[in-house]
1. Across region 425-434, what is the number of residues that are assigned to a loop (DSSP other than H, G, I, E, B) and over 20 Å from Ala484 (Cα atoms)?
2. Among the residues of region 199-217 satisfying the criterion of being touching a helix residue (DSSP H, G or I) at 6+ places or on another chain (Cβ under 9 Å) and away from the ligand (no atom under 14 Å from the Cβ), which is nearest to Thr322 (Cα to Cα)?
3. Assuming Thr211 fulfils every condition listed in (1) under 23 Å from the mean Cα position of the chain (by Cα); (2) in a strand (DSSP E or B) apart from one, which condition is it?
4. If I go through region 161-186 residue by residue, how many of them are surrounded by 18 or more Cβ atoms within 10 Å (Cβ to Cβ) and either among the charged types (D, E, K, R) or in a loop (DSSP other than H, G, I, E, B) (or both)?
5. Is at least one residue of region 34-45 within 17 Å of the chain's Cα centre (by Cα), outside any loop (DSSP other than H, G, I, E, B) and within 20 Å of Ala435 (Cβ to Cβ)?
6. Test each condition in (1) within 16 Å of the ligand (Cβ to nearest atom); (2) among the β-branched types (Val, Ile, Thr); (3) within 25 Å of Phe10 (Cβ to Cβ) for Val448 and report the one that comes out false.
7. Could you count how many residues in region 250-293 are more than 30 Å from Ser81 (Cα to Cα) and within 28 Å of the chain's Cα centre (by Cα)?
8. With within 16 Å of the ligand (Cβ to nearest atom) and touching a His at 6+ places or on another chain (Cβ under 8 Å) as the only criterion, which of Thr379, Thr385, Thr366 stands out?
Amino acid sequence: MEGKLENITFDAVVIGAGFSGLYMLHLLRKEGLKVRVYEKGGNVGGVWYWNRYPGARCDIDSVYYCYTFSEELYKEWTWSSRFADQPEILEYINYVADKFKLRDDIEFNTEIVSAQYNAEDKIWEIVKDDNTKVFAKYLISGVGNLSAINIPNIKGLDDFAGEWYHPGNWPHEEVNFKNKKVGIIGTGSSGIQMIPEIAKEADHLTVFQRTAQYSVPANNYKLSTEEIIKIKENFNELKKIMRESRMGMPLDIGPSSALDESPEERQKRFEKAWRKGGFSFASTYQDLLLNEESNELAADFVREKISSIVKDENKSKKLMPTYLYGTKRQALNTNYFETFNRENVSLIDVKETPIQEITKKGIKTTEKEYEVDIIIFATGYDAITGPLKKMDIRGKNGITIKEHWTGELGTRTYLGLVLSNFPNFFMINGPQTPAARANAPVLIEENVEWISDCIAYLEEHNIDSIEVTQKAEQNWTNYCKDLAEKSLFIKTDSWYTGANIEGKRREAPIYFDGVDKYIQICKDVSKKEYKEFILESKAEKVKK
Ligand code: NA7
């Protein structure tokens, strides 16, 4: 491996300074390890550093979408609203970094371009983008699920005379939409959040939609002092409930099947959840993602809501989703469907009239050319596996993660935390965890604590390397696949199934059985002292 020697050896190198990397740094430092975090961005925050687009907001209640490892931190910080917006979340992450003096061990504006495990010396050799090399016993990825942006390969983008952006790489300077004609391609969560905001400012907004979405109202509101006091007082109970729940946050879960209630009862339940907002609607019945008949009942309810909101019949028809409800991540919205009642907003169905090319002046479909000053590609991410596959991380025998995941089994991990052939390499919120389907910070904390406990065990027992067996990895992968096959998710093209990226293998590398069960399984593995792993010291094999 090329690279100028910086000649620094760390105990651990962590990639990424988002929620994952920051907590990992904090815990390993507490264990007395010499740690360095490398972060491509200019500051802490991860996805919340990059996603600065108008309307960017979390879809999980802010009182759950935060760290719970420190009661003091939890009680010091007060969220202003039910769903915090991007600036507030970024402010929170900066506050955490300052409180725990994390910046001292983070190198910003630095990308890790490659890493190679040296099996003889049992050390990772890591190359940064300035071509210097550092060493570390442990390499830990905190790169997240949604950091590899997807810009579709549409002919002519280089010729476009205007500005263009992707939400995941939004500029720090304000983008001015006043008196501008704007085209947005994509109506996932990002598009749904920004469309109402940009429509208010732009002269005209043209939305290029490929798939109509089931979006439910966020019902965001300012948190009252009483609510905040109550939540803070119940910190310990809340922390426990989050870890004992399916989604990593408290939710009122409805009866087992939508088919067991009468149409009137169902309507009442759906209506109540719709008004409550957030993930309440998705939790009305337990079989919405298991039984197509139940699913259709929820889908019908949302379609009726859309048709009651959108006045223009043609637009309303185009906005009717037809895929299985909830099998793409359900986007929360604030006035999304209402925005299509504005005169300055038009809607193009690109399945009816596909985009042919980007021209100098705008976007050309099979029907006509739409002149725009700004194009926004709200076209999503090469999600879950994308960020790791893009990196040149090589385990034993020089094999890359991408190659490791290319075989018959596809993406394979053990607990989403480790890979066979990649000793001393750990992933936080990796593939085959419930992260993509749940409240991420809870899983981040659990993964980070698992890794930190594992490293403490290795250090205590003078073990130089840990590697999961291929058998354990295969069993976990098969288990995750079986769970995915039983759910309806697998039937829909989405970033969950990889079908949003041309040429990507179709699979759902997610653990679908809930946060509570996943946490328990991980805890059992550490309790049993890493039975599924090969532990070695430089001199001898310790255990098989
Ligand atoms: P998503 O949810 O993947 O949405 C991307 C959108 O872009 C979706 O509507 C896609 O249509 C559309 N898309 C993608 N490629 C194209 C092309 N080539 N032409 C037209 N339309 C296209 O990404 P988001 O950023 O909105 O959200 C990602 C997650 O971030 C979200 O789930 C939250 O967890 C946070 P499609 O539906 O594939 O037909």
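Derivation of every value follows stated rules applied to the coordinates shown; laboratory data play no part. Everything quoted here is computed from the prediction, not taken from an experiment. A quick note on method: Cβ atoms are made from the backbone with ideal geometry, for glycine too, and the neighbour counts reach across all protein chains shown.
1. Selection size over region 425-434: 1.
2. Applying the filter and picking the extreme gives Pro217.
3. Going through the list (1) under 23 Å from the mean Cα position of the chain (by Cα); (2) in a strand (DSSP E or B), Thr211 breaks only (2).
4. Residues meeting the conditions: 6.
5. No; the residues of region 34-45 include none that is within 17 Å of the chain's Cα centre (by Cα), outside any loop (DSSP other than H, G, I, E, B) and within 20 Å of Ala435 (Cβ to Cβ).
6. The failed condition is (1).
7. 5
8. The unique qualifying residue is Thr379.
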